[in-house]
Amino acid sequence: MDELDEMLLAAENDIQNTQTSDSLGAFYAEYFGKNGKIAEKMKIMKDLAVEKKKEFGMKMNSLKEKLQSLIHDREVAIAEAKLNKRVQSTPTLDLTIPSTEKRGSLHPITIIQNRVVEIFTSMGFTVEDGYEIETEYNNFEAVNVPKNHPARDMQDTFYLDNGQVLKTHTSAAQNRIMRKYGAPLKAIFPGRCFRNEELDASHENTFFQIEGMMIDKDVSISNLIYFMKEMLTRVFGKEINVRLRPGFFPFVEPGFELDISCPYCDGEGCRVCKHSGWIELCPCGMIHPRVLEMGRINPEEYRGFAFGLGFSRLAMMNYDITEIRLLNSGNIRALSQAGIK
Ligand code: FA5
């Protein structure tokens, strides 16, 4: 029996000195394995007298239970120590702490678009969505640009195998919207446009426009001037004057180029307006009767104006960006400077 007490004492000591779960596993096998120390001791049993056998059996059971409980406790202690060590050596990561990194900002185009959309909706215009992939009919024929018309050269685009096109202008949605709502109608439709262009500082193959249309019985050029002046004055936050020059677009008659008084020098003349005091901003005009007809609106009864404002260029003016390609560049440092302005 003393031997068993000695064995327990030695085992307790060994367990406490064990530092890893691997060596604890080895210890377990040494004692509880098939040919381990306990199995070895149990061999004595068969030679003991009956009354001693019982006492020995009870003592062995209590020794085994004690060892198993000590091994379990040690295993837990080793795991805890390992975890504590890892926690202490890992830099603290608290995902709930607000980032010290700079937050993201809206893209300059989005900021301008939101502003223009808000202004037009406050004046009773509905906001419509155009498709980016359009039928050739909607992009060209429905706005009075038949096949082989020279105006198509100005808006070469990317053709898909199925004959559809990446829309070259937001005017591509005019026909669908006229047919959807009929007259009277006041709608704006911002969107991404694509052209197969020679790229330079002010021409991109992917850019943004916003189209506006107002159709009613008494709509005139004065309404067009009023809405454009009001919108631009609110975008630039100062009184903006506008002027119209003749401009040709097959879908308007008469057609205009709308210039604005230079917001940088208030018409005095500066680098931006090339010392003319005016900046060309937005083509527009009175919707051609054929375009109304194709939109199933009676041109005898209704008239309307339409404009197609280049958002990309408006954003450039607003944020003093001189290179249009920056807008699609994903250059976050540059874009966020504009975004936070
Ligand atoms: C049009 O796209 C006509 N659909 C506008 C219109 C609508 C006229 C309704 C009359 C009535 P234009 O091709 O000029 O017109 O383009 C309009 C504006 O889009 C330009 O003033 C310019 O700001 C912008 N734009 C055109 N091409 C590019 C380009 N490659 N890169 C960046 N902006 C462009």
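Points worth noting:
- All conditions in (1) away from the ligand (no atom under 15 Å from the Cβ); (2) within 24 Å of L309 (Cα to Cα); (3) in a loop (DSSP other than H, G, I, E, B) hold for V117, with the sole exception of (3).
- Checking each residue in segment 292-333 for being open to solvent by 50 Å² or more (accessible area, probe 1.4 Å) and more than 30 Å from L199 (Cα to Cα) picks out E293, R296, N298, E300, E301, R303.
- Residue in segment 188-210 that is basic (K, R), within 24 Å of I133 (Cα to Cα) and surrounded by 15 or more Cβ atoms within 10 Å (Cβ to Cβ) present: yes
- Criterion: of a type outside the set (S, T, N, Q), in contact (Cβ under 8 Å) with a residue 60 or more places away in the chain and under 23 Å from E141 (Cβ atoms) - qualifying residue of F227, F251: F251
- Checking each residue of segment 205-226 against the condition of being in a helix (DSSP H, G or I) and of a type in the set (F, W, Y) gives at least one match.
- Cβ-Cβ contacts under 9 Å between residues 6 or more apart (or on different chains), taken from a first residue in segment 156-173 that is away from the ligand (no atom under 14 Å from the Cβ) to a second residue that is among the polar types (S, T, N, Q) and part of a loop (DSSP other than H, G, I, E, B), are listed as G163/T135; Q164/T135.
- Counted residues, segment 3-32 - those being touching a helix residue (DSSP H, G or I) at 6+ places or on another chain (Cβ under 7 Å), open to solvent by less than 70 Å² (accessible area, probe 1.4 Å) and without any contact (Cβ under 8 Å) to a residue 24 or more places away in the chain: 1
- Selection of first residues in segment 116-137 that are touching a residue at least 60 places away in the same chain (Cβ under 8 Å) and not assigned by TED's automatic domain parsing to the domain that holds T157 and of second residues that are among the basic types (K, R) and open to solvent by 20 Å² or more (accessible area, probe 1.4 Å), restricted to Cβ pairs under 9 Å at least 6 apart or on distinct chains, gives an empty result.
- Selection status of K66, touching a residue at least 24 places away in the same chain (Cβ under 8 Å), farther than 30 Å from M316 by Cβ and open to solvent by 70 Å² or more (accessible area, probe 1.4 Å): yes
The values are calculated or read from the model by the stated rules, or taken from the named source; none is laboratory data. Because the structure is a prediction, the values reported are computed rather than measured. Please note: Cβ atoms are built from the backbone with ideal geometry, for glycine as well, and neighbour counts cover all protein chains shown. Heavy atoms of the whole protein, side chains included, go into the accessibility calculation; ligands, DNA and RNA do not. Shrake-Rupley method; radii C 1.70, N 1.55, O 1.52, S 1.80 Å.
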